[in-house]
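Mind having a look at this structure? Questions to follow.
The values are calculated or read from the model by the stated rules, or taken from the named source; none is laboratory data. This one's a predicted model, so the numbers in the text were calculated from it and none came from an experiment. Virtual Cβ from ideal backbone geometry, glycine too; neighbours counted across all protein chains shown.
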Amino acid sequence: MSETVKQKRAAYKKYSVEFKDQALVRAKQSGVSQAARDLGISESLIYTWRAKSKQGNGTLEQQKLQHAELAQLKRDNQRLARENEFLKKAAAYFAEESKRGTE
């Protein structure tokens, strides 16, 4: 990766969910251009946040919570699938043992 690309990536700022929500409220009240100037960010950033907010029909914080919940549910599903597979193997083993014991 070239040095300029690394520098550009390092220059990206991460904004908190609260900041994004407040920026969207301010943009709604005073307009995107004015809000962007006041906050020192680009207009396209506000438009991006607005689009993401509209996709989820909720605030960015709610989207983040939903994403975390989905990730947790996926982990739980994987764990339960592993447990189910283990129980199937255990049942097969004990069924085989009981067949051997009755013969």
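Looking at (1) out of contact with any Leu (no Cβ under 8 Å at 6 or more places or on another chain); (2) at pLDDT 80 or above, which one does Tyr12 not meet, given that it meets all the others?
In the conditions (1) out of contact with any Leu (no Cβ under 8 Å at 6 or more places or on another chain); (2) at pLDDT 80 or above, Tyr12 misses (2) alone.
Given (1) modelled with pLDDT under 90; (2) more than 30 Å from Val25 (Cα to Cα); (3) polar (S, T, N, Q), identify the lone condition not met by Asn77.
(1)
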